[in-house]
1. Report, by residue number, each residue of segment A:32-58 that is touching a residue at least 40 places away in the same chain (Cβ under 8 Å), touching a Leu at 6+ places or on another chain (Cβ under 7 Å) and more than 9 Å from chain B (Cβ to nearest Cβ).
2. Could you please find all residues in segment A:99-109 being over 17 Å from B:R36 (Cα atoms) and open to solvent by 10 Å² or more (accessible area, probe 1.4 Å)?
3. Quick one: count up the residues across segment B:67-106 that are in a loop (DSSP other than H, G, I, E, B), under 18 Å from B:I55 (Cβ atoms) and within 10 Å of chain A (Cβ to nearest Cβ).
4. Given the conditions (1) open to solvent by 60 Å² or more (accessible area, probe 1.4 Å); (2) under 26 Å from A:L92 (Cβ atoms), which single one is not true for B:M15?
5. Of everything in segment B:65-92, what is closer than 11 Å to B:L32 by Cα and in contact with a Gly (Cβ under 7 Å, 6 or more places away or on another chain)? Give them in sequence order.
6. Of all residues in segment A:29-73 being part of a loop (DSSP other than H, G, I, E, B) and touching a Ser or Thr at 6+ places or on another chain (Cβ under 6 Å), which is surrounded by the fewest Cβ atoms within 10 Å (Cβ to Cβ)?
Amino acid sequence: GDSVTQMEGPVTLSEEAFLTINCTYTATGYPSLFWYVQYPGEGLQLLLKATKADDKGSNKGFEATYRKETTSFHLEKGSVQVSDSAVYFCALISGGYNKLIFGAGTRLAVHP
Amino acid sequence: DAGVIQSPRHEVTEMGQEVTLRCKPISGHNSLFWYRQTMMRGLELLIYFNNNVPIDDSGMPEDRFSAKMPNASFSTLKIQPSEPRDSAVYFCASQRNQQGETQYFGPGTRLLVL
């Protein structure tokens with residue numbers, strides 16, 4: 001079945017460091033790919049998405065490119081801030097269904 | 001838009017009691033999802049509705065759990081009787097029923113069963 005694998009956390013960085021959170025997927029067909037973020041005590045919010053190969057999603061300085069050849073959708077940010085500390089979830093929707101398949105989540109902690 | 005609304009935000013109850021969680025999706029969204037989040041199992045999809053009809057309830061843990069969507073603007077998730085292992089954060093999300101559309105999550109209900 002469809003699945004998402006993302007790097008285990010926690011990821012601990014200093015402010016202004018470069019961030020990469022790896023995400024790979026297995027899916028039949030051509031999934032849409034998402035990154036959601038969950039701040040402490042809150043629900044999940046969409047961070048960015050890409051719906052076809054080679055699309056780049058971007059938001060708030062974060063970027064991810066849909067790579068069909070490597071079945072990946074890695075999240076990157078050039079300079080993280082303390083306020084980026086959160087849990088990040090990679091997810092996909094495949095086929096004719098609306099069911100989101102989530103990765104396990106990666107906790108990011110950014111220190112001043 | 002008010003976003004997805006869930007109530008209550010926090011619930012503390014004793015084992016054996018009935019618990020009802022409520023959700024109001026975003027107006028115009030015709031898919032609704034209930035998720036459970038725990039440290040041990042992460043984020044799990046319990047059930048989802050399309051146009052008020054349950055489409056996939058394979059994630060519902062057992063018969064103690066039931067969900068209804070009597071109309072397009074309201075859904076409930078009921079646990080009867082509740083058990084300590086049901087303690088979790090329960091999220092409701094809604095979406096327009098089109099490929100690739102974004103799911104919008106509510107703030108969650110934090111449930112503690114003593």
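The values are calculated or read from the model by the stated rules, or taken from the named source; none is laboratory data. These figures come from a predicted structure and were not determined experimentally. All Cβ positions, even for glycine, are placed from backbone atoms using ideal geometry, and neighbour counts span all protein chains on display. SASA here: full protein model, heavy atoms, side chains in, ligands and nucleic acids out. Shrake-Rupley method; radii C 1.70, N 1.55, O 1.52, S 1.80 Å.
1. Of the residues in segment A:32-58, the ones touching a residue at least 40 places away in the same chain (Cβ under 8 Å) are A:32-40, A:44, A:47.
Right, trim to touching a Leu at 6+ places or on another chain (Cβ under 7 Å) and you get A:32-38.
A:L33, A:W35, A:V37, listed by residue number.
2. Answer for segment A:99-109, where residues must be over 17 Å from B:R36 (Cα atoms) and open to solvent by 10 Å² or more (accessible area, probe 1.4 Å): A:R107, A:A109.
3. So the count comes out to 7.
4. Checking B:M15 against (1) open to solvent by 60 Å² or more (accessible area, probe 1.4 Å); (2) under 26 Å from A:L92 (Cβ atoms), the one that fails is (2).
5. Matches in segment B:65-92: B:F91, B:C92.
6. Within segment A:29-73, the first condition is being part of a loop (DSSP other than H, G, I, E, B), and the residues that meet it are A:29-31, A:39-43, A:51-55, A:60-61, A:66, A:68-71, A:73.
Filter once more, keeping what is touching a Ser or Thr at 6+ places or on another chain (Cβ under 6 Å): A:29, A:31, A:51, A:71.
On the way: A:G29: 8, A:P31: 26, A:T51: 16, A:T71: 16.
Of everything passing the filter in segment A:29-73, A:G29 is surrounded by the fewest Cβ atoms within 10 Å (Cβ to Cβ).
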